[in-house]
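Asker: Quick one: the structure is below, questions incoming.
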């Protein structure tokens with residue numbers, strides 16, 4: 001996954017390391033950190049949205065059918081959604097290297 | 001120039017801050033800094049200046065409040081001492097990393113324990129690597145002058161770093177000295193309004209103090225180091241400008257009768273005045289001796305120190321602090337290390353003395369000079385400790 005580059009050299013760092021572009025954290029794709037990915041079983045899903053509420057990365061959103069899915073560009077694979085899902089509709093599976 | 005007044009130096013420090021058009025002061029009182037806190041609070045609450053005095057609950061908060069105020073573009077001042085400075089420690093490298101020009105006064109006092117409220121330099125030394133500009137004043141006039149200079153230094157667009165002005169607790173802060181204040185017009189002419197590099201404002205969002213991944217942290221640290229090292233030339237420029245305006249010159253390393261002297265005493269802070277009397281007495285007795293005084297501790301003025309001690313045979317370093325378990329006092333070990341590659345460097349004798357308010361008198365300096373002459377090696381020694 002292609003990442004936004006850091007300043008190349010020390011003298012390109014802005015004074016105080018100030019970031020002048022608001023909201024640019026979204027250009028950093030934290031999905032590259034993931035070791036496991038969440039897989040939804042929509043037969044078990046009751047569309048309660050608890051995964052959406054608890055996702056610390058705010059990368060889970062509702063699909064057109066009312067189910068839920070993670071944006072894998074940002075999902076770090078923390079597993080909180082699977083832990084919180086009380087119908088156990090989410091399982092974490094190993095990413096293949 | 002204004003007329004000479006008799007005033008306690010701590011009060012004078014607050015009066016000097018009062019001339020600097022500050023926006024925010026967040027100061028928590030602590031002996032021997034309390035008179036600065038109290039008098040600055042009076043100046044604000046008597047309506048003499050238009051500033052906000054934040055009565056914080058601790059020094060961790062006073063420095064944090066100053067950092068926040070400074071990030072919005074305000075001119076912010078704080079002052080502390082000893083334990084207060086230790087409590088600020090966590091925030092100090094953040095202020096410098098964010099390039100916020102907070103100005104601090106520090107009334108040097110021993111660090112506990114055991115509890116001791118008197119002067120030495122053990123409070124500022126643990127802050128040495130925080131990335132701040134660290135300066136030491138020798139007398140009350142310097143406290144006034146350097147307090148005003150501090151704002152210009154800190155805020156200069158080529159510097160943008162916080163400064164701490166050290167003034168020895170009691171020995172300096174509680175002395176009543178004849179002092180001369182510049183007029184408000186003169187200060188205004190010397191010290192322009194702050195023009196911040198960036199400010200926190202909802203209309204123009206930006207982020208300060210951001211997270212650094214390993215891929216960029218080292219580059220950020222090098223940039224911070226370079227900013228501090230590069231600040232020296234601008235500090236000298238500002239000091240020269242002050243000298244032209246007010247007739248009192250300031251240099252990173254001050255000298256007294258150092259030309260051609262075989263032996264040199266090196267001091268930092270108020271004891272330089274006493275040492276100069278010892279130099280006079282020893283010179284009258286036929287000794288080839290002089291004095292060098294470190295005014296600018298960070299960034300360290302190595303070139304200026306080399307020039308000041310050129311040709312001397314013995315350099316006697318007076319350390320008013322300890323680096324426990326180390327190779328000597330912080331000043332002594334640093335100077336030895338910086339001069340390690342100099343082929344014609346002097347023999348460097350390091351004395352640890354004057355701790356926790358122990359007076360260092362003229363006769364003590366003379367005794368240390370005698371002891372240094374007899375000393376064969378360069379190991380450090382405690383002076384005046386009862387055996």
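Asker: When the Kirkwood radius is taken over all Cα pairs of region B:296-373, what Stokes-Einstein diffusion coefficient follows at 20 °C and 1.002 mPa s, in µm²/s?
Answerer: 159
Asker: Also, I was wondering about something else. Which ordering of B:134, B:4, B:111 is given by a fewest-first count of other beta-carbon atoms within 10 Å?
Answerer: Going from sparsest to densest Cβ surroundings: B:4, B:111, B:134.
Asker: Sequence gap at least 6, Cα distance under 8 Å: using those rules, report the relative contact order of region B:34-81 to the nearest whole percent.
Answerer: Normalised by residue count, the contact order of region B:34-81 is 27 percent.
Asker: With the contact rule set at Cα under 8 Å and sequence spacing of 6 or more, what percent relative contact order holds for region B:4-246?
Answerer: Rounded, it is 23 percent for region B:4-246.
Asker: Ratio to report: Rg/Rh of region B:253-382, with Cα atoms as the point set and Rh obtained by the Kirkwood method; give two decimals.
Answerer: Ratio of gyration radius to Kirkwood radius for region B:253-382: 0.92.
Asker: Of all alpha-carbon pairs in chain A, indicate the percentage at a distance above 23 angstrom.
Answerer: 38
Asker: If you average 1/r over every pair of different alpha-carbon atoms in region B:71-134 and take one over that average, what Kirkwood value in Å do you get?
Answerer: One over the average 1/r among Cα pairs gives 12.3 Å for region B:71-134.
Asker: Given the -39500 (n - 2.57) contribution per DSSP H run of 4+ residues, what per-residue ellipticity at 222 nm results for chain A, rounded to the nearest 500 deg cm²/dmol?
Answerer: The per-residue figure over chain A is -2000 deg cm²/dmol.
Asker: Let me ask another. Report, please, the projected area of chain B averaged over directions, based on the convex hull of its C-alpha atoms, in nm².
Answerer: The directionally averaged projection comes out at 20.3 nm².
Asker: Could you give the angle, 0 to 90 degrees to the nearest 10, between helix B:59-71's Cα long axis and the longest principal axis of the Cα atoms of chain B?
Answerer: It works out to around 60 degrees.
Asker: Whole number please: convex hull volume per residue of the Cα set in region B:1-114, in Å³?
Answerer: About 111 Å³ per residue, rounded to a whole number.
Asker: Let me have the 222 nm mean residue ellipticity of chain B computed from DSSP H runs of 4+ only, each contributing -39500 (n - 2.57), with the sum over all residues rounded to the nearest 500. Walk me through the numbers before you get to the answer.
Answerer: Values: 12 runs with 148 residues, N = 387.
Here the helix-only value at 222 nm equals -12000 deg cm²/dmol.
Asker: What is the Cα convex hull volume of the protein assembly as shown when expressed per residue in Å³?
Answerer: Numbers: hull volume 98.4 nm³, N = 484.
So the per-residue Cα hull volume is 203 Å³.
Read-outs throughout are calculated quantities, based only on the coordinates presented, and are distinct from any laboratory measurement. What you are looking at is a predicted structure, and each value in this text was computed from that prediction instead of being measured. As a convention, Cβ positions derive from the backbone with ideal geometry for all residues, glycine included, and neighbour counts pool all protein chains shown.
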